[in-house]
Amino acid sequence: MLKNLSASSVWVLILFVLISQFSCRDTKYSQGRSLYETNCQNCHLQDFKGLGKNIPGLTNSFKNNFNAELSMCIIHNGRMDDNAMLPMPSFKELSDVEFHNLINFLNEKVGSSQTYSLTDISKIRLKCTVE
């Protein structure tokens, strides 16, 4: 079968394989990336460092002592003025799948090896409901 392929067909096939490999590389949590860029990046910045004490960076929170429950609840409920920090809006409208992708995207980008399953995320969010 391979004997019948022309040299140009082989090159097209090789090119297709290479493009497929490189185009799929950074898409593990692409929805999380998109959510971050749309909802978080304006305040926490592209490098996740925030704006000093007014808007905390995410690098230390996620890499060193990441508390999934606390972080999820802050994303879910928002945060009012706390020690000169600017208020953070609530993102209750995000689904569990969106939360899952966002949290795991952040973990991956700040160098944490910790990942959370969708079940873990769902359980944590249930604890975040403000009455």
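Every read-out reported here was derived from the displayed coordinates using simple, explicitly stated rules and does not represent laboratory data. As the structure is a prediction and not an experimental result, all values here were calculated from the model. Quick reminder, even Gly has a Cβ in these numbers, built from the backbone with ideal geometry, and neighbours come from all protein chains shown.
Summary table below
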quantity	calculated
Average projection area in nm² (convex hull over Cα atoms of region 27-127, one quarter of hull surface)	5.9
Extension gain from Leu45 to Leu70, taking 0.36 nm per residue of separation minus the Cα-Cα distance	7.0 nm
Label point distance in nm, Glu37-Ile55, each placed 7 Å from Cα along Cα→Cβ	1.7
Hz values of 3J(HN,Hα) by residue in region 122-128 - Karplus curve (6.51, -1.76, 1.60), Gly and Pro given as x	4, 5, 5, 4, 4, 6, 8
